[in-house]
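**Q** Sharing a structure here in structure tokens format.
The values are calculated or read from the model by the stated rules, or taken from the named source; none is laboratory data. Every value quoted in this text rests on a predicted model; they were computed, and no experiment measured them. With ideal geometry, Cβ positions are generated from the backbone for all residues, glycine too; neighbour counts draw on all protein chains shown.
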Amino acid sequence: MSRALLLAPALALFLLLALFLLLALSCGGGSDPEATLTLTADLSQLPPGTDEDEALGDAADVLRQRAELYGIVDPQIALGGNTISVTLKGVEEDAALQLMTRSGSLEFKRPRVSTDGLVVCKTPQGEEFGVAPQNVNPDDVSGSLSRCFSLDKLGEPVWVDADVASDDGSATRLTPEHVDPGSWQLQDNETALAVRFTPEGSDLLKLITGALAGYHLGIFVDGELVAAPRIQRAITDGAPVISGFPQSEAAILAAVLNTAPLPVPLTASP
């Protein structure tokens, strides 16, 4: 058999593989996602006397830190007037929007509880009703992380500041300042977040969670409830682990909460 005949099947296979690769590339196969955003800063929200250029520069620095913490290599971030142009390789646009536009304002809240131990809830129409703490649960139908269920009503808990009364009658509130900076860490295949509190925050968390046993602690970012773990017992080590996040959500929150809040609100232009 001639060498040409022996090479023919190999050449045909090579041509088929090349054709397959060309078709895959033409359909977008094998290409990494890339998000390109134009973010507009609402400078009217800055306190009077704030240097606008400095605020925009600080915002760009925060965005770059978030991108790097999220694992994005060489994020492209450029200033232009009151806009910030962002190009992120390896991330889908929806995730990029959350990562780049969330302010990062963190709050801890607890449900309001009546004198007889019921969680105070409100219907969408504003009607208040009470339920036992075990009747406050996540709801897949509505997507709510904390939904109140009674025999004839559905609603959401009424959230108030997570605080504890001092001996003098004043209340001490659990705040972001009680969290160690940069301590939010991904756990359990990136579906949970561990966080570490300062010594003062740990003492306060112990008191609050001890009083909340059986109830939920609400964790809000930019006014949105992102987690509502049910407290089983007082957290005494100041290092809780919060589970149940979607994988992409936990990674975004870790990057957002491990950086400073944005100094100016940013919205994505269409």
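**Q** Being more than 19 Å from the chain's Cα centre (by Cα) and exposed (fewer than 14 other Cβ atoms within 10 Å of the Cβ) is the filter here; which residues of the stretch 62-75 pass it?
**A** VAL73, ASP74
**Q** Which residue is farthest from THR40 (Cα to Cα), if the candidates are limited to the stretch 250-270 and must be of a type in the set (Ser, Thr, Tyr) and under 17 Å from the mean Cα position of the chain (by Cα)?
**A** THR259
**Q** Please go through the stretch 246-259 and give me each residue that is out of contact with any Asp or Glu (no Cβ under 8 Å at 6 or more places or on another chain) and either under 17 Å from GLU107 (Cβ atoms) or of a type outside the set (Asp, Glu) (or both), ordered by number.
**A** PRO246, SER248, ILE252, LEU253, ALA254, ALA255, VAL256, LEU257, ASN258, THR259 - these are the residues of the stretch 246-259 that are out of contact with any Asp or Glu (no Cβ under 8 Å at 6 or more places or on another chain) and either under 17 Å from GLU107 (Cβ atoms) or of a type outside the set (Asp, Glu) (or both).
**Q** Can you name every residue in the stretch 167-181 that is assigned to a helix (DSSP H, G or I) and either at pLDDT below 95 or in contact with a helix residue (DSSP H, G or I) (Cβ under 6 Å, 6 or more places away or on another chain) (or both)?
**A** HIS178 - this is the single residue of the stretch 167-181 that is assigned to a helix (DSSP H, G or I) and either at pLDDT below 95 or in contact with a helix residue (DSSP H, G or I) (Cβ under 6 Å, 6 or more places away or on another chain) (or both).
**Q** Same structure, new question: Any residue in the stretch 99-111 that is touching a Cys at 6+ places or on another chain (Cβ under 9 Å), over 30 Å from ALA59 (Cβ atoms) and surrounded by 14 or more Cβ atoms within 10 Å (Cβ to Cβ)?
**A** yes
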